Amino acid sequence: MNTRSEISPALVATQLSKRYGALQACDQVSLSVLPGEIHALIGPNGAGKSTLINVLSGAVAADSGSLLINGCDVTRASMPQRVAAGLSRSYQITNIFQTSSVMDNLLLAVQAQRGTQFSFLRSRARDTALREAAQDLAHECSIDISLCDLPAGTLPHGEQRKLEFALAWAARPSVLLLDEPMAGMGPDETLRLTELIESLRGRAAMLLVEHDMQAVFRLADRISVLVYGRVIATGTPEEIRANDAVRQAYLGDEGAQEAIRC
């Protein structure tokens, strides 16, 4: 039986760097995410976490370094090419079709995953198949079916975040980048999304960027800590809690320190 160390990573970033003028936003970042693993990326504000997610997704080109998805070199690949290689992402700011219904959002996501083109002339059978797939996606992502006819922009913030998660999940990625999925949520909403992510554990490699330390330490199999664009530590939650350099990085954030200690 394969040990964890023998499993080929789903994502391998090697010495990725990105500079904006005098600011070194990512500084030779290397990390890996194993198939089915939830790997959290944490760090103080301004550490370069969102820049790294943008580099990994292809929204921003790296200045140097390399990126492999499922063993395929996608360092110079476009965002659509990275999606085709198995990479999907959610956004820090909700990225849904606000004026379209929840169901239309789900249908469009399912269509995109299947590679079909939208057409008003498609057969009833195809309509039925797509709708069933969209309903399955809603159920999988804990979206209340009674909300599906509402404009997506009228949903409570927590429901919008679940919908955005569903749009990323519809691609059936092997690697899912989650950029602060709990941003702007209250405690109850955060708990529900945490439970949703936990329910999908093992079905994709997930790289989770998140400020909510309780969610991070509940979900993460491993954690990497980014400070001033550099990874200063990677390990299990227990190893990160015990790491002096990590505690030092959070000295100005009492809430984060407390969560790391607990």
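The values are calculated or read from the model by the stated rules, or taken from the named source; none is laboratory data. For clarity, every value in this text was computed on a predicted model and none was experimentally measured. Heads up, the Cβs are rebuilt from the backbone with ideal geometry, glycines too, and the neighbour counts pull from every protein chain shown.
Structural remarks
- The single condition among (1) more than 27 Å from His139 (Cα to Cα); (2) crowded, with 17+ Cβ neighbours inside 10 Å that Ile96 does not meet is (1).
- The residue that is nearest to Asn45 (Cα to Cα), counting only those in the range 180-199 that are at pLDDT below 95 and touching a strand residue (DSSP E or B) at 6+ places or on another chain (Cβ under 8 Å), is Glu180.
- Pairs, first assigned to a helix (DSSP H, G or I) in the range 165-178, second polar (S, T, N, Q), C-beta under 7 Å, six or more apart: Phe165/Ser90; Leu167/Asn105; Ala168/Ser88; Ala168/Ser90
- Residues being assigned to a loop (DSSP other than H, G, I, E, B), over 12 Å from the mean Cα position of the chain (by Cα) and either modelled with pLDDT under 95 or closer than 12 Å to Trp169 by Cα (or both) - total across the range 202-215: 3
- Candidate set from the range 8-24 (those that are farther than 21 Å from Cys72 by Cβ and aliphatic (A, V, I, L, M)); member that is farthest from the chain's Cα centre (by Cα): Ala22
- Conditions (1) surrounded by fewer than 19 Cβ atoms within 10 Å (Cβ to Cβ); (2) in the same structural domain as Ser142 (by TED's automatic domain parsing); (3) within 20 Å of the chain's Cα centre (by Cα); (4) at pLDDT 90 or above; number of the one not met by Gln113: (4)
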